[in-house]
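To keep things clear, I will list the structure first and then write my remarks on it.
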Amino acid sequence: MTTFSIPESAGVLSCRVLDPINEPVRNAKLTVRDATGLKVVSGGTDPFGSFMTTVPAGDYRLMALAEGFSPCRVSATVEENVHASLGDLVLKVAQPLALPEPGHWDIDTCHSSVAFTARHIGLAHVHGRFNSFMGAIWMGEQVGDCSMHVVIDAHSIDTAVKMRDDHLRSSDFLDVARFSTMEFYSDRFVHKNGNRWAISGGLTLHGVTRTVTLDTEYLGVAQGLGGETRAACRATTELHRDDFTITWQNMLARGIAAVGHRIMIDLEIQAVLKSCPPRALPCPPASRHTTCRRRRGRHIPLSYDADSACVLITRAA
């Protein structure tokens, strides 16, 4: 086994991360901070649960994080030219977060966001968001009874550059004159592990419906400033423009696409529990659509009224 030299005034800090049955935890995330709280280094464990780093001599705090486990924090003193081993860090299984109570939850658009990222000329990324959207979630007694419906005003796309936004609204891309809204209706909620969920369903974009899966992290339930009950989550997914017949492209030299084909979607969602029965909710101004979906034998009517510009979300008897 080869050896390596340690820089002057530095030492080595290492540990192994295990689960409660002493199996190594792969890809655990470790962060090392100095005595002032400044992050010095971060990284992940190898397939054997091991982590090793070289740091200047001094006092440190190390935190280990892994999905489904509670954070583990330990202190360490690293001396010059010395290997400081913390040994085995055994993580404890985290208590699962309490799930939202059954009922009707409105998505709070003031504390939620629908953002996207696209590659530009093969180099940088362009970030944007949709400023107008709405939605509701029905939490059932069983996970299989949960449903979600979200409508996004396509005209509200915003990348902070008017000329680019106008192009994205044109027939080259979203074609908002023909397809004023995007719509997602869930098909099922699946618990993966810990606080991770997969929410799959149909996304209708540019007149085409495709199945997508939201990789979702549930963040828990809390009381808002007004005493209302709130639940939060964040979710991501990847879309391919060609799947929705958005095929405009301008090729640069060497065959580099001006706009990437993959679009990353990032959602930050807060929902508020409604104490009253389902009611009519304001709809994005450009939305004029009526849908009625059936999932797993239950009828879930979600009706958009073009005259009153509202959406009526009801639970089937």
Residue count, region 38-56, condition outside any strand (DSSP E or B) and open to solvent by less than 40 Å² (accessible area, probe 1.4 Å), comes to 2
Out of the residues in region 110-125 that are under 28 Å from Val150 (Cα atoms) and among the small types (Gly, Ala, Ser), which is modelled with the lowest pLDDT? Ala118
In the set Ala94, Ala136, Ala154, the lone residue that is farther than 22 Å from Leu267 by Cα and either open to solvent by less than 20 Å² (accessible area, probe 1.4 Å) or touching a residue at least 24 places away in the same chain (Cβ under 8 Å) (or both) is Ala94
1 or more residues over 30 Å from Thr54 (Cα atoms): qualifying strands (runs of 3 or more DSSP E) within region 82-157: 103-107, 113-120, 124-130, 133-139, 147-153
Does Leu99 satisfy being in contact with a strand residue (DSSP E or B) (Cβ under 9 Å, 6 or more places away or on another chain), surrounded by 13 or more Cβ atoms within 10 Å (Cβ to Cβ) and modelled with pLDDT under 95? yes
If you go through region 221-235 one residue at a time, do you hit one that is in contact with a Cys (Cβ under 8 Å, 6 or more places away or on another chain) and within 22 Å of Trp105 (Cα to Cα)? no
Testing Phe184 on (1) among the aromatic types (Phe, Trp, Tyr); (2) within 21 Å of Val126 (Cβ to Cβ); (3) at pLDDT 90 or above, one condition comes back false. Which one is that? (2)
Give the residue that is farthest from Gly128 (Cα to Cα), with candidates limited to residues of region 157-191 that are open to solvent by less than 40 Å² (accessible area, probe 1.4 Å) and aromatic (Phe, Trp, Tyr). Phe189
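The values are calculated or read from the model by the stated rules, or taken from the named source; none is laboratory data. Nothing here was measured: the structure is a model prediction, and the numbers come from that model. Glycine also receives a Cβ, built like all others from the backbone with ideal geometry; neighbour counts cover every protein chain displayed. All accessible areas refer to the heavy atoms of the entire protein, side chains included, with ligands and DNA or RNA removed. Shrake-Rupley method; radii C 1.70, N 1.55, O 1.52, S 1.80 Å.
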